[in-house]
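Enquirer: This is the structure I have questions about; it appears just below.
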Amino acid sequence: MEINKHDPPETRFWARVDKDSSPAGCWLWTGGTASAGYGIIGINYKSIGVHRFSYALHNGPIPDGMFVCHHCDNPACVNPAHLFLGTPQDNMDDMASKGRAVHSHAPRLSGESHPNSKLTQAQVDEMRSLYATGEHSIAGLATRYNVTRANVSFIVKWRTWRTKDSPPPEFPGRAKLTADDVRAIRRAYATGKVLQRELAAQYNVTGSLISSIVSRRRWSHIT
């Protein structure tokens, strides 16, 4: 079957699924893969894990923060009967039970020492500085350093390239608020005299950000 990149995602998905080759009943993805053999499919200019796509296709939207795990331990499998939802801890426990967890005593390679690293620490520091000052967007930085947008996003938000010698700032990325601002917002809201939308206007941030601050869904460590 000829596949056109403009075909609907479901059409492109099914064209690359092999239901018959696996004796274990796995539906094998025959398209492109990312790390560790997990299949990917492009949707709206983003790469999506096909096991997640398959789960959502058969079961509905995946709740925020949830992983899609494999009963069969086959990363190429997209059979919904072999997939289950799990929390990050469930995912780690599942890896450990199947002997795929990274042991705490094993050396961990990160940053420049990782064999797949395309960047130096100096480039990472520069990237974070350029992003924090607003000089470049994530897309612009991805082009500048010849890496993916996802890679840039993880770096500037301090989800990767974190070491004991370079701890993340209190507010990574382009934070508009300081710790004192967060405390002042909570104090003002606690009086019952100020609305969230008024605080949003005062601090020039979104109402959803104010809501997450006063409910302590964000920056809960700030007291």
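Enquirer: Output yes when any residue across the stretch 87-104 is of a type in the set (S, T, N, Q), modelled with pLDDT under 65 and in a loop (DSSP other than H, G, I, E, B), and no when none is.
Expert: yes
Enquirer: Restricting the search to the stretch 40-69, which residues are among the hydroxyl-bearing types (Ser, Thr, Tyr) and either surrounded by fewer than 15 Cβ atoms within 10 Å (Cβ to Cβ) or under 27 Å from ALA139 (Cα atoms) (or both)?
Expert: Narrowing the stretch 40-69 to residues among the hydroxyl-bearing types (Ser, Thr, Tyr): 45, 47, 54-55.
Once the filter is applied, which keeps residues that are among the hydroxyl-bearing types (Ser, Thr, Tyr) and either surrounded by fewer than 15 Cβ atoms within 10 Å (Cβ to Cβ) or under 27 Å from ALA139 (Cα atoms) (or both), the stretch 40-69 yields TYR45, SER47.
Enquirer: Which of the residues spanning the stretch 8-38 are of a type in the set (A, V, I, L, M) and assigned to a loop (DSSP other than H, G, I, E, B)?
Expert: ALA15, ALA24, ALA34
Enquirer: Here is a further query. So which pairs qualify, if the first residue must be in the stretch 5-27 and more than 18 Å from LEU83 (Cβ to Cβ), the second must be exposed (fewer than 10 other Cβ atoms within 10 Å of the Cβ), the Cβ gap must be under 6 Å, and the two must be at least 6 apart or on different chains?
Expert: So the pair list comes out as ALA15/MET1.
Enquirer: Identify, please: which residue in the stretch 1-39 is among the hydrophobic types (A, V, I, L, M, F, W, C), modelled with pLDDT under 90 and farther than 18 Å from CYS72 by Cα and is, among those, surrounded by the fewest Cβ atoms within 10 Å (Cβ to Cβ)?
Expert: Per the criteria, the residue is MET1.
Enquirer: If you go through the stretch 186-199, how many residues are in contact with a helix residue (DSSP H, G or I) (Cβ under 8 Å, 6 or more places away or on another chain), assigned to a helix (DSSP H, G or I) and farther than 16 Å from ARG217 by Cα?
Expert: Total meeting the criteria: 3.
Enquirer: So, one more: What number of residues within the stretch 200-218 are part of a helix (DSSP H, G or I) and either under 29 Å from the mean Cα position of the chain (by Cα) or surrounded by 13 or more Cβ atoms within 10 Å (Cβ to Cβ) (or both)?
Expert: Qualifying residue count for the region: 11.
Enquirer: Related question: In the stretch 128-153, which residues are farther than 24 Å from ALA34 by Cα and at pLDDT 65 or above?
Expert: Passing the criteria: ARG128, SER129, LEU130, TYR131, ALA132, HIS136, SER137.
Enquirer: Hey, another quick one. For the stretch 154-185, name all the residues that are modelled with pLDDT under 80 and either aromatic (Phe, Trp, Tyr) or part of a helix (DSSP H, G or I) (or both).
Expert: Result: PHE154, TRP158, TRP161, PHE171, ALA179.
The values are calculated or read from the model by the stated rules, or taken from the named source; none is laboratory data. All of these numbers come straight from a predicted model, not from anything done at the bench. Quick reminder, even Gly has a Cβ in these numbers, built from the backbone with ideal geometry, and neighbours come from all protein chains shown.
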